[in-house]
Amino acid sequence: MGNKTKVREKIIEVARGVFSKYGYKKTTMDDIALGAQKGKSSIYYYFKSKEEIYEAVVETESRLLFDDILRKIDQPIPAKEKFRLYVFTRLNKIRELSNFYDVLENNFIRSLDFIENLQQKYHQQEITILQNILSEGVKSREFNIQDTEIAAIALVTAIKGLETPLIIKGAKKNLERRVDYVLKILFYGIMRRN
């Protein structure tokens with residue numbers, strides 16, 4: 001890895017912390033330069049703007065999230081357990097990735113032009129991961145799904161809708177119990193069985 005790449009990565013790592021602490025709107029290039037122990041002109045050598053740094057930060061956090069998810073589900077376990085690991089890992093990891101979470105939830109940040117492209121990219125990645133899990137479950141006869149793509153889209157939408165009540169309002173120690181309860185409803189529904 002070249003020196004230029006190392007410096008760029010250091011700036012991104014420092015910026016992650018600065019954006020997490022102050023938020024996108026209040027963070028300045030001076031804050032990032034101070035944290036990276038570089039002159040502001042040095043920061044501009046690597047990045048054209050605060051927006052470009054933020055985009056790199058969110059891309060880094062996205063990669064961390066999806067690498068963690070893929071590492072957890074890449075095991076010879078039933079599809080039902082992969083689905084559970086996907087949901088639990090996603091919700092747990094997003095808690096740590098405050099900049100990525102801001103992109104998903106903060107209306108001001110979502111209004112930035114590049115954010116819409118990032119959101120679409122992440123949304124499609126999630127659909128692909130879930131569709132693969134569902135297809136695997138259909139193949140192993142764990143799931144009875146006619147259209148795995150539509151099911152994946154619906155499940156991604158449902159999971160995103162649960163983020164706030166599960167990770168913001170719920171205590172971390174209850175997250176696993178809450179996720180298991182939601183998954184029970186998703187897997188078995190709310191209908192009484194005779």
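Computed quantities for the displayed model
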quantity: Most to least packed among 82-93, 128-139 [average Cβ atoms within 10 Å]; calculated: 82-93, 128-139
quantity: Label-point separation in nm, Asp68 to Lys40, each point 7 Å along Cα→Cβ; calculated: 3.4
quantity: Per residue, in Å², the accessible surface of region 29-83 once ligands and nucleic acids are set aside, probe 1.4 Å; calculated: 53
quantity: Proximal charge balance of Arg71 [Cβ under 14 Å; K/R count +1, D/E count -1]; calculated: +2
quantity: Two-site FRET efficiency, Asn92 against Glu9, from Cβ-Cβ distance with R₀ of 22 Å, rounded to 0.05; calculated: 0.35
quantity: Local electrostatic count at Lys80 - Lys and Arg +1, Asp and Glu -1, tallied over other residues with Cβ under 12 Å; calculated: 0
quantity: Hz values of 3J(HN,Hα) by residue in region 38-44 - Karplus curve (6.51, -1.76, 1.60), Gly and Pro given as x; calculated: 10, x, 4, 5, 5, 5, 5
quantity: Of all accessible heavy-atom area on region 1-78, the percent that carbon and sulfur account for (1.4 Å); calculated: 51
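The values are calculated or read from the model by the stated rules, or taken from the named source; none is laboratory data. In this text the structure is predicted, and so the values were computed from the model without any measurement. With ideal geometry, Cβ positions are generated from the backbone for all residues, glycine too; neighbour counts draw on all protein chains shown. Accessible surface areas use protein heavy atoms only, side chains included; no ligands, DNA or RNA. Shrake-Rupley method; radii C 1.70, N 1.55, O 1.52, S 1.80 Å.
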